[in-house]
Amino acid sequence: MKSIIAMALAATSLIAAEPEWIPLFNGKDLDGWKANENPTTFSVKDGELVVKGDRAHLFYTGKAGTELKNFELKLEIMTKPKANSGVYIHTAFQPSGWPDKGYEIQVNNTHGDPKKTAGVYGIKDNFTAPAKDDEWFTMHIIVKDKTIVAKVNDKVISEWVEPADWTPPKNFAGRKLSSGTIAIQGHDPGSEVHYRKIELKPLP
């Protein structure tokens, strides 16, 4: 009987230790986020983060931390026709330009760029759109040690394992796994993308 009780207590302890999902976006304002060169590209309307305007990036600065290493990230996303965006991981705030540090997971279903949603941009690209414009879909990014997995609606779209002797391409010199924050990309004035229910689960 004692062994059964001990096993039950151990199982309860394991359940209690399971990391919880942390909401990163409150649906009301941009608390916990910092935009760079064109802050008006980002707004909150009807519980959604609307990304539309000149090039800008919105960096996470909230309580979950800005030196994230291993984690799962889920975002509900809706692209408008010919929209382009992206989600950066292991990045760092910079005042302007395309983020130099970390990897970008692409968000693009019908934009002219052939690199489509859930590809690891410029490294492990996806050339077939896994979702449709004007429809909500879930992008799930898993970062664990040297591996990045990107899913759309529970389907694996891309997987990238960074080699031990990895040397990034010259045009993407900062494409390395280390640690850092998350950023959401505003690509151009013709792109409109909506985000909601952005949440993170830390991993050991």
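The values are calculated or read from the model by the stated rules, or taken from the named source; none is laboratory data. The model shown is predicted, which means the values in this text are computed figures rather than measured ones. Heads up, the Cβs are rebuilt from the backbone with ideal geometry, glycines too, and the neighbour counts pull from every protein chain shown.
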Pro95 vs. criteria in a loop (DSSP other than H, G, I, E, B), over 17 Å from Glu159 (Cα atoms) and over 13 Å from the mean Cα position of the chain (by Cα):
yes
Are any residues in the stretch 117-126 of a type outside the set (Ser, Thr, Tyr), assigned to a loop (DSSP other than H, G, I, E, B) and under 11 Å from Gly86 (Cβ atoms), and if so, which ones?
Ala118, Gly119, Gly122
Restricting attention to the stretch 188-203, does a residue exist that is over 22 Å from Val44 (Cβ atoms), among the polar types (S, T, N, Q) and in contact (Cβ under 8 Å) with a residue 12 or more places away in the chain?
no
Across the stretch 68-88, what is the number of residues that are within 20 Å of Pro202 (Cβ to Cβ) and crowded, with 22+ Cβ neighbours inside 10 Å?
4
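Condition check ((1) part of a loop (DSSP other than H, G, I, E, B); (2) modelled with pLDDT of 95 or more; (3) under 19 Å from Leu58 (Cα atoms)) across all residues:
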site: Val87; (1), (2), (3): no, yes, yes
site: Pro99; (1), (2), (3): yes, yes, yes
site: Asn109; (1), (2), (3): yes, yes, no
site: Pro130; (1), (2), (3): yes, yes, no
Looking at Asp188 and the list (1) more than 21 Å from Leu73 (Cα to Cα); (2) in contact with a helix residue (DSSP H, G or I) (Cβ under 7 Å, 6 or more places away or on another chain), which single condition is not satisfied?
(2)
